[in-house]
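For reference, the structure discussed in these notes is given below.
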Amino acid sequence: MQALNSFLVTIGRGVGKVVGTLYQAGRDAVDQVIKNVIPFMAFISFVIGLILATGVGNLLANALSVLASNIVGLLVLSLIIGLPVLSPLLGPGAVIAQIIGTLLGTLIGDGRLPVNVALPALWAINPQVGCDFIPVGLALGEAEPETVEVGVPAVLFSRLVTGPIAVLLGYAASFVF
Amino acid sequence: MEIIAQWAQAFIGVFQRGGEVFTGLVSGIVPTLIVLMTAVNALIALIGPERIDAVGKAAGKEGFAATPLRYLVLPVISCFFLTNPMAYTMGRFLPEKYKPAFYDAAVSFVHPPLGIFPHINPGELFVWAGIANGVQTAAGDAKLASIALGYLLTGLVVIYLRGLVTEYITGTMWKKAA
């Protein structure tokens, strides 16, 4: 009788823990989506609606499709985005990257850009990632002030080199994927 | 009077257009995203993020052999288990000279997996989803999955490369500063 009791208690506790974990996981997921994802969707819908309805979209799309339709243009794009002066400005919230990505996606969806430009384009808009966040990211890693002093320019200059290399990698991969 | 009415229509038309885009986004992505994030959050909670601390400690060793651990394994599991931005806290196990390179590698991995693991950085989902939506419209789901995989795999190569390059540049600049 005792053994059955403690067996039931163990099972009950185990199930309770799993259910509680799943419930909390659902809470965190919904919380994240409501706090971060949907507000950004609202923002980008407004920007895209504005762009499409006013014709500014055509200007931007024409400029982008010229740059994005060949590998040299994409390399140029990645160099511009990776410039140490520009990259920390472009980094916050990845807003500019998300807007350019959405515009490129619209061009691909319309057929104005070929589909296999997607992989190199994804890397072309990527070099600015984290460039605004370097001091905070290093502080999260408990870095000394001297490390931050050296680390910020080190990452920024490294991106100028590795940004275009990533585009070339994406270009090579676009023949496989 | 007619002109004012036309302007009013054009004005509200801008927001209606935006509303159409918003509906498409919310009905298209949000349901899948919520279910996937619930599943991954639960998995991470059940596994227990403290387990990856051991990898962090091992990654600080000297020598080229430790670099895949430091700039490939550690960034990937940090991003998967801790997500952006807590992933960078794993740098605390590393010697000072490796911290910028680890940050570079880790932060470069918050976008490539988004096609398959959007929980890593849902606030910046559109860096992936913007182009992904276009691919889906033009070429279908199979191509989209292929590109998602391609982005993740090229991401692995890129973060390792970025770790090595930034480690080298950090070392050079440190010697000049000293």
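None of the figures in this text is laboratory data; all of them are computed from the coordinates on show. This is a predicted model, so every value here is computed, not measured. Glycine gets a Cβ as well: all are built from the backbone with ideal geometry, and neighbour counts include every protein chain shown.
Observations
- Dividing the summed helix terms, -39500 (n - 2.57) for each DSSP H run of n ≥ 4, by the number of residues in the protein assembly as shown produces a 222 nm estimate of -24500 deg cm²/dmol to the nearest 500.
- Per-residue average of Cβ from other chains inside 10 Å of B:44-52: 2
- Segment B:108-132 residues near the modelled A:Ala42 label - backbone nitrogen below 18 Å, point 7 Å along Cα→Cβ: B:123-126
- Helix A:71-82 and the long axis of chain A differ in direction by around 70°, with both axes built from C-alpha atoms.
- Whole-angstrom Cα spans of segment A:1-91 along principal axes, big to small: 79, 31, 25
- When each of the peptides B:113-123, B:8-18 is scored by how many other beta carbons lie within 10 Å of its residues on average, the order from highest to lowest is B:113-123, B:8-18.
- Mean partner shielding of peptide A:46-53, defined as the number of other chain Cβ atoms within 10 Å of each residue Cβ, is 6.
- If the convex hull is drawn through the Cα atoms of segment A:38-177, its volume per residue in Å³: 122
- Extending 7 Å from the Cα toward the beta-carbon at both A:Thr21 and A:Ser69 defines two label points whose distance is 5.3 nm.
- In terms of Cα atoms, the Rg and Dmax of segment B:1-77 work out to 25.3, 78 Å.
- Listed residues B:Ser108, B:Ser78, B:Ser27, most fluctuating in chain B (Gaussian network, C-alpha, under 10 Å): B:Ser27
- When +1 charges are put on Lys and Arg Cβ atoms and -1 charges on Asp and Glu Cβ atoms, the dipole computed for chain A relative to its Cα centre reaches about 560 debye.
- For segment A:39-45, Karplus couplings with θ = phi - 60° (6.51, -1.76, 1.60), whole Hz, Gly/Pro x: x, 5, 4, 4, 4, 6, 5
- When its C-alpha radius of gyration is set against 2.2 N^0.38 Å (N residues), the protein assembly as shown gives a value of 1.09.
- Remark: mean inter-chain Cβ contacts per residue of B:22-29 equal 4, using a 10 Å Cβ-Cβ cutoff to other protein chain atoms.
- Acute angle (nearest 10 degrees) that the helix A:2-32 long axis makes with the longest principal axis of chain A, alpha-carbon atoms: 20
- For segment B:140-154 versus segment A:1-54, the inter-centroid distance based on Cα atoms is 26 Å.
- Computed across segment B:98-169, the Kirkwood radius stands at 12.8 Å (inverse of mean 1/r, all Cα pairs).
- When each full DSSP H helix of chain B is screened for a Cα extent of at least 15 Å along its own axis and an average Kyte-Doolittle hydropathy of at least -1.0, the helices passing are B:2-47, B:126-139, B:141-177.
- Pairs of lysines in the protein assembly as shown (C-alpha under 16 Å apart; 8 or more residues apart or interchain): 7
- The slack between B:Ala66 and B:Ala142, meaning 0.36 nm per residue of separation minus the straight C-alpha distance, is 23.7 nm.
- In plain terms, the bigger the Kirkwood radius, the slower the diffusion; for chain B, with that radius from Cα pairs, at 37 °C and 0.692 mPa s, Stokes-Einstein puts D at 176 µm²/s.
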